[in-house]
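Structure first, then comments.
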């Protein structure tokens, strides 16, 4: 798996900066956190933060320990076109979780479910770096919704397979998961209005403003 | 939403029993926890535990605060048959999360992601009470896997919509979600071998032993 950021330097300076960065991003959010503030919290010179991570975005990505670099992986997955994209994404996602990077993915899921701050940071990151890239490549209505639906299927299978560990999802092979989940994602990416609704019947929102009827929600 | 167990009694006895039950089930697991042990931890007579909750299973269900009673809800959802089952399940699931019980669902997700003990308790409960009931109603190969895949799509959309709060999944209407996700679940429930693989091509597992090739996994 590609890693963001450089290899650890001597004396754990890099780790000190990352710990400070996690605290600053969590407390202030991405926009208000600064290289200068992170350096101050880590008791190092701001130049050292830039030396290790290049930019605020660089230190953010390294601090988040996202299990792969979307700027590298997503364009590669999109390059062959939308044909077979669903299956490619499923295989890539399962590969990441089955690799040593799966431990980082697991830690990331724990932190976002436990903390609204972590959820907010990850949400912005995933929207910008993952979902927006996928949505851009889709030439259909509602590309962001479709990218989000695909993400929901991938996140759900990761939760059941790696975190809650529900059989027989745990012992299904990557091939089997790709065969079942690939067409689900592919439908989200490519179905045209009329065929994407699948089950005709009363009560659906066809032709209406879909954002209109959102009920108030507690919790 | 139906609730498991009786209304709170005076003096918070019921709540004391539930707190003790959560600790006992979390520490010992369902099998090893006992009514007697729960009563001792709550400093009440075991008869009182039975008075409030009827059985170990009853106190377990109440302690877990599952947001609906599967013994009641699942047979109702299955009763009309497999036609339209996918859409009925999506609508029911979204309704639960959009209702006041959504707060309990949220708390449950937090506790299972944070704790392996809670995950193990919930896994057994969901397998027995939810997935087994759904799988029994499916007259196709691999019914447990199919029920698990359906659960994975529902869990994933709940994580993105209610916990991480990713747009436009958050503001999609229940109708829109039912129209997109209903056919996904329906395919998992009803697709026959040959059509459920969807995307023909090399590298899939058709005709091979699907359990065979599970790779070793770290993390």
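A few comments on the model shown:
- Scanning region A:20-40 for residues that are in a helix (DSSP H, G or I) and either closer than 26 Å to residue A:113 by Cα or assigned by TED's automatic domain parsing to the domain that holds residue A:112 (or both) yields a total of 14.
- Hey, residue B:149 more than 16 Å from the chain's Cα centre (by Cα), within 7 Å of chain A (Cβ to nearest Cβ) and part of a helix (DSSP H, G or I) or not: no
- Of the numbered criteria (1) more than 7 Å from every other protein chain (Cβ to nearest Cβ); (2) in a helix (DSSP H, G or I), the one residue A:139 fails is (2).
- Restricted to region B:165-177, and to residues there that are more than 15 Å from residue A:191 (Cα to Cα) and touching a residue at least 12 places away in the same chain (Cβ under 8 Å), the residue that is nearest to the other protein chains (Cβ to nearest Cβ) is B:169.
- In region A:55-87, the qualifying residues are those that are without any contact (Cβ under 8 Å) to a residue 12 or more places away in the chain and assigned by TED's automatic domain parsing to the domain that holds residue A:147, and the one that is nearest to the chain's Cα centre (by Cα) is A:76.
- Considering the conditions (1) part of a helix (DSSP H, G or I); (2) more than 9 Å from chain A (Cβ to nearest Cβ); (3) in contact (Cβ under 8 Å) with a residue 60 or more places away in the chain, residue B:92 is excluded by exactly one of them, (3).
- Entry remark, region B:68-89: residues being within 10 Å of chain A (Cβ to nearest Cβ) and assigned to a loop (DSSP other than H, G, I, E, B) number 2 in total.
- Screening region A:95-136 for residues that are part of a loop (DSSP other than H, G, I, E, B) and surrounded by fewer than 15 Cβ atoms within 10 Å (Cβ to Cβ) and picking the one that is farthest from the other protein chains (Cβ to nearest Cβ) gives A:115.
- Among the residues listed as B:195, B:142, the single one being at pLDDT 50 or above and not assigned by TED's automatic domain parsing to the domain that holds residue B:76: B:195
The values are calculated or read from the model by the stated rules, or taken from the named source; none is laboratory data. Since the model is a prediction, treat every value here as computed from it, not as a measurement. Cβ atoms come from the backbone with ideal geometry, glycine included; neighbour counts cover every protein chain shown.
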